[in-house]
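Peer 1: Structure provided below as structure tokens; questions to follow.
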Amino acid sequence: MYVVGESPPREAATRRRGDVVFQGLARAASLLIMLALAGVAIFLGLEGLPAITASSEQLGADNVVLYVWPLLFGTILAALLALLVATPLSIALALIISHYAPRRMSRPIGYVIDLLAAVPSVVYGLWGIQFFGPRLVPLYEWLEDNLGFLPFFEGPASSTGRTILTASLVLAIMALPIITAICREVFAQTPVLEQEAALALGATRWEMIRLTVLPYSRSGIVSAVMLGLGRALGETMAVAMVLSATGVVTFNLISSVNPSTIAANVALKFPEATGIQVNILIFSGLVLFLVTFLVNFLGRWIGSRGQVKGAR
């Protein structure tokens, strides 16, 4: 301690000086990130602007909206199908790690799930096209024979397994570690006293989770799902390798006639594109940039809103 009016100890002054330096560096880093993001948006906007006035011969469609729409449809369809599979699996895995599995098992399971995020997308693509897809062909044939009256499974079933459903399942595996990791951390932050109170009142473990953990973690779960959606929307190589795309708009999930995605279309056509074709691809990239940015921004906003409510 020091008397009022005297200079503070040198250690306290140094610590305060370090806080100021760190604060300045953090602000500079955030400003740099914002400038880089703005630079990307400006570049995509300027380079994609000529695509608006491109002719139908250059676009392969009447206008740029009709060119981008099938790609945007395929992008959203594949991402939503991936979330339908990944979300319940991720929440279940997060609950197993945080509340069900013993510690000696929960940590290795968590490490394995986290390692899935480190696998390159090209490896997922090779696995999907060489191993996973062909083994789904009997399932697709069964779906066509038994559920062919539905537009999702009307067929004809693909003989190679390279369908929008296969690509979506691969995307689900790629988004699973992101959603699981965030949900696991959110579940672990649930107040222990509330969980113990529920158990003391006679609730089973699942009832305790349903009454305390899930309501407390609702915003975190939504944020995790939105971030997983952003991951699925922007995936390129795995989708480009697995999907047999024809650029159509269809809800048929098991046919070899599939919609393409924006990222896969850019990856496949950009090396051979010249002139206005490059601007068209950049314009489609701008659309994907805006969609991904809005999804991630919404996820972060929901997560921060939940943290504010939890603090109150």
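The values are calculated or read from the model by the stated rules, or taken from the named source; none is laboratory data. As the structure is a computational prediction, the values presented were derived from the model and not from experiment. Glycine gets a Cβ as well: all are built from the backbone with ideal geometry, and neighbour counts include every protein chain shown.
Peer 1: So which of A197, A203, A175 ends up being under 30 Å from I129 (Cα atoms) and small (G, A, S)?
Peer 2: Checking each option against the conditions leaves just A175.
Peer 1: For region 145-187, how many residues are touching an Asp or Glu at 6+ places or on another chain (Cβ under 9 Å) and basic (K, R)?
Peer 2: Here the count works out to 0.
Peer 1: Can I ask one more? Can you find a residue that is out of contact with any Leu (no Cβ under 6 Å at 6 or more places or on another chain) and free of Cβ contacts under 8 Å to residues at least 24 places away in the same chain anywhere in region 214-231?
Peer 2: Yes - at least one qualifying residue is present in region 214-231.
Peer 1: Working only within region 85-109, note down all residues that are hydrophobic (A, V, I, L, M, F, W, C), more than 23 Å from the chain's Cα centre (by Cα) and either buried (at least 16 other Cβ atoms within 10 Å of the Cβ) or within 18 Å of S168 (Cβ to Cβ) (or both).
Peer 2: A101 - this is the single residue of region 85-109 that is hydrophobic (A, V, I, L, M, F, W, C), more than 23 Å from the chain's Cα centre (by Cα) and either buried (at least 16 other Cβ atoms within 10 Å of the Cβ) or within 18 Å of S168 (Cβ to Cβ) (or both).
Peer 1: Show me the helices (runs of 4 or more DSSP H) entirely contained within region 110-212 in which 3 or more residues are in contact (Cβ under 8 Å) with a residue 12 or more places away in the chain and surrounded by fewer than 13 Cβ atoms within 10 Å (Cβ to Cβ).
Peer 2: Fully inside region 110-212 and qualifying: nothing.
Peer 1: Another question, if that's okay. Collect the residues in region 194-204 that are under 34 Å from the mean Cα position of the chain (by Cα) and either small (G, A, S) or within 19 Å of R218 (Cβ to Cβ) (or both), keeping them in residue-number order.
Peer 2: Once the filter is applied, which keeps residues that are under 34 Å from the mean Cα position of the chain (by Cα) and either small (G, A, S) or within 19 Å of R218 (Cβ to Cβ) (or both), region 194-204 yields E194, Q195, A198.
Peer 1: Would you pick out the residues in region 256-299 that are buried (at least 22 other Cβ atoms within 10 Å of the Cβ) and of a type in the set (S, T, N, Q)?
Peer 2: N258, S260, T261, N265, S284
Peer 1: On to the next question. For V123, indicate whether it is at pLDDT 90 or above, farther than 30 Å from M208 by Cα and either within 21 Å of the chain's Cα centre (by Cα) or of a type in the set (F, W, Y) (or both).
Peer 2: So V123 passes the test.
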